[in-house]
1. Six or more apart or on different chains, Cβ under 6 Å: which pairs go from a residue in the range 49-68 that's on the phi > 0 side of the Ramachandran plot to one that's surrounded by fewer than 17 Cβ atoms within 10 Å (Cβ to Cβ) and not hydrophobic (A, V, I, L, M, F, W, C)? Could you list them?
2. Name the residues in the range 119-146 that are at pLDDT below 95 and either surrounded by fewer than 16 Cβ atoms within 10 Å (Cβ to Cβ) or of a type in the set (Lys, Arg) (or both), would you?
3. If you scan the range 64-81, which residues turn out to be open to solvent by 20 Å² or more (accessible area, probe 1.4 Å) and either among the charged types (D, E, K, R) or not in a strand (DSSP E or B) (or both)?
4. Please determine whether any residue of the range 182-191 is under 25 Å from residue 103 (Cβ atoms), under 19 Å from the mean Cα position of the chain (by Cα), modelled with pLDDT of 95 or more and not in a loop (DSSP other than H, G, I, E, B).
5. Give me the residue from the range 10-26 that is in contact with a strand residue (DSSP E or B) (Cβ under 8 Å, 6 or more places away or on another chain) and of a type outside the set (A, V, I, L, M) and, out of that set, most open to solvent (accessible area, probe 1.4 Å).
6. For the range 105-133, enumerate the residues that are assigned to a strand (DSSP E or B) and in contact with an Asp or Glu (Cβ under 7 Å, 6 or more places away or on another chain).
7. Across the range 159-195, what is the total count of residues that are touching a residue at least 60 places away in the same chain (Cβ under 8 Å) and under 17 Å from residue 112 (Cα atoms)?
8. Among the numbered conditions (1) touching a His at 6+ places or on another chain (Cβ under 7 Å); (2) on the phi > 0 side of the Ramachandran plot, tell me where residue 82 comes up short.
Amino acid sequence: EEGLAASKGLFALRRIAVEEPLDDFMFDPSYRSLLGSTREGGRTVVVNLTVGRPVATVPLEGLPHLGSGITWMREGRRLLATPHLKEPQVSVIDMANWGVVARIPTDGPGFFLRSHERTPYAWTDSMMGGPGARDTIQVIDKRSLEVVRRLRPAPGRTAAHVEFTRDGRHALVSVWEDDGAVVVYDAESFEEVARLPMRRPSGKYNVFNKITLSEGTSH
């Protein structure tokens, strides 16, 4: 099917056949591969955009939220990590062979995963979990692939949507409630620096980190 009925010119459409519908997409850093989740199949499909076909599948249950995935280098290999919307874990994948390196348990299913080139840690929420989980931010060491710290910005209330500042010195966490806040943490000491009252703050997408293709954010 690849190339058939494709349009021409700038922004030309291409069609690549896959076995089942895919969604929640993520590109690799080179933008040569596209990853998509299957809703029911418990797997992620890797589509190579150069050859125009799927080239690998990764067994990932619980609907991985690839749209919030990040990558980093560890021991000479680039890893990809993604939270899961229906499983309490973060999955880590070797992008050289598309094998699962680790499944890091979390307190509950999460939505956001963020990091920065200048920090050895990745931060993820458990906002899709129950009352005992959704108030927790887990800090994962990108070297050991283990949770090394848990933060509760507002016990009993939803903590979500971590974003890093441009220089990577601070992590911004949402208390995702009508009378919520953006809580600013020192990314090295994990100490709270400031708390800005806001109503259900969402996203805080850092434009600089996005347009410079930071490996700590999705793009």
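The values are calculated or read from the model by the stated rules, or taken from the named source; none is laboratory data. Since this is a predicted model, take the numbers as computed values, not measurements. With ideal geometry, Cβ positions are generated from the backbone for all residues, glycine too; neighbour counts draw on all protein chains shown. To get the accessible areas, we keep the full protein, side chains included, count just its heavy atoms, and leave off ligands, DNA and RNA. Shrake-Rupley method; radii C 1.70, N 1.55, O 1.52, S 1.80 Å.
1. Between residues of the range 49-68 that are on the phi > 0 side of the Ramachandran plot and residues that are surrounded by fewer than 17 Cβ atoms within 10 Å (Cβ to Cβ) and not hydrophobic (A, V, I, L, M, F, W, C), the close pairs are 52/2; 62/86; 63/86.
2. Result: 130, 131, 132.
3. 65, 67, 74, 75, 76, 77, 78
4. Restricting attention to the range 182-191, the residues satisfying the condition of being under 25 Å from residue 103 (Cβ atoms) are 187, 190.
When the remaining residues are screened for being under 19 Å from the mean Cα position of the chain (by Cα), the result is 187.
Subsequent filtering for residues that are modelled with pLDDT of 95 or more retains 187.
This time we only want the ones that are not in a loop (DSSP other than H, G, I, E, B), so: none.
The answer is no, given that none of the residues of the range 182-191 is under 25 Å from residue 103 (Cβ atoms), under 19 Å from the mean Cα position of the chain (by Cα), modelled with pLDDT of 95 or more and not in a loop (DSSP other than H, G, I, E, B).
5. 19
6. 114, 121
7. 1
8. (2)
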